[in-house]
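Written out below as structure tokens is the structure these notes cover.
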Amino acid sequence: MLCLYGYDPSHTVFGMELRMTTTFPDVSISTERLVLRPFEEADIPAHTEMMNDEMVTAWTSVPHPYTAADSDEWIRRIAPAERTEGRGIVLAVTEFLTQRLVGIVRLKNTDWRTLATEVAYVTAPWARGEGYATESVLAVAQWLFRVQKFERLELRTAADNTASQQVAQKIGCISEGVLRNAWIARTQTEDGGWADIRTDLIVWSLLPEDLEGVSGRLADAGYASFTDWN
């Protein structure tokens, strides 16, 4: 009989204590156009503006309105804790030439036993249409598989969020199925407010072998590829 149960990465087997890495390194990842790095205090104004965008409000669970205090809490405490407490890592996506904040890539719900994690991403309204989401998520996936030796990357998109689904398809993700009625999105009301609505989630996955040929196809389409990390 096979029993699945919770796993403690610091445990004993036959009296010997076993330990494994349970945090990602404090890393920056670069492509030809982008630098993915930890958030900084100087990002607060741009981050606040980005998170108040209507698309972000509609498809995420962030507070609305999103205040500078919310951003300060995210940048100073919540985002760093994702890495230091072993849940994942949060990276600010910035343009290489301008240093302008253009998005977020976040790894979360990391399982260090199975070497699997989930990715989420946001693109600033002033940076959409440039392929930055695809480029940044692909760079993180390449780093995750090649350097961190992970075996699975998962992402979940709301059923009507076609822009997010296109990113998943472009980087080579495979659709695995639907979680019915599993997410609460928001829709704008006639008076300008927001109302919660339930929606399905599409589950996508990416494995190391799924990346074969993806970089070349994206390069042919004009996307820059993962180049460096430190």
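The values are calculated or read from the model by the stated rules, or taken from the named source; none is laboratory data. None of these values were measured; they are calculated from a predicted model. For neighbour counting, all protein chains shown are included, and Cβ atoms are generated from backbone atoms with ideal geometry for every residue, glycine included. In case anyone asks, the SASA skips ligands and DNA or RNA and just uses the protein heavy atoms, side chains included. Shrake-Rupley method; radii C 1.70, N 1.55, O 1.52, S 1.80 Å.
Hey, what do the phi angles of the stretch 96-113 turn into as Karplus ³J(HN,Hα) couplings, whole Hz, using 6.51/-1.76/1.60 and θ = phi - 60°, x for Gly and Pro?
5, 7, 9, 6, 6, 5, 10, x, 9, 10, 10, 9, 8, 6, 6, 10, 6, 6
How much length would be gained if the chain were fully extended between Thr98 and Asp160, taking 0.36 nm per residue of separation minus their Cα-Cα distance, in nm to one decimal?
19.1 nm
Which value, in debye to the nearest 20, describes the size of the charge dipole of the stretch 75-183 about its Cα centre when Lys and Arg Cβ atoms bear +1, Asp and Glu Cβ atoms bear -1, and nothing else is charged?
In debye, rounded to 20, the stretch 75-183 gives about 280.
So for Lys170, Lys108, what's the accessible-area order with a 1.4 Å probe, most first?
Per-residue accessible area, sorted high to low, gives Lys170, Lys108.
Short version: what are the Cα gyration tensor semi-axes of the stretch 70-191, square root of 5 times each eigenvalue, largest first, in whole Å?
Over the Cα atoms of the stretch 70-191, the ellipsoid semi-axes are 22, 20, 17 Å.
If I ignore ligands, DNA and RNA and count only protein heavy atoms, how much of Trp112 is accessible to a 1.4 Å probe, in Å² to the nearest 10?
Accessible area of Trp112: about 30 Å².
Using the Cα centre of the stretch 14-89 as the reference point, and only Cβ charges (+1 on K/R, -1 on D/E), how large is the resulting charge dipole? Debye, rounded to the nearest 20.
360 debye
Could you give each residue of the stretch 168-178 its phi-based ³J(HN,Hα) in whole Hz, using Karplus coefficients 6.51, -1.76, 1.60 with θ = phi - 60°, and x for Gly or Pro?
Result, ordered by residue: 4, 5, 5, 8, x, 5, 10, 6, 9, x, 10 Hz.
Go through 44-50, 96-102 and give me the packing order, highest mean Cβ count within 10 Å leading.
Descending mean neighbour count gives 44-50, 96-102.
Per-residue HN-Hα couplings for the stretch 121-131, Karplus 6.51 cos²θ - 1.76 cosθ + 1.60 at θ = phi - 60°, whole Hz, x for Gly and Pro?
My calculation for the stretch 121-131 gives 8, 9, 10, 5, x, 7, 10, 6, x, 9, x Hz in order.
Which length gain, in nm to one decimal place, applies between Glu49 and Gln148 when the Cα-Cα distance is subtracted from 0.36 nm times their residue separation?
Length gained between Glu49 and Gln148: 32.4 nm.
Hey, can you grab everything whose amide H is under 5 Å from the amide H of Trp194? Only 5+ residues off in sequence or another chain; H modelled, so Pro and N-termini drop out.
Thr189
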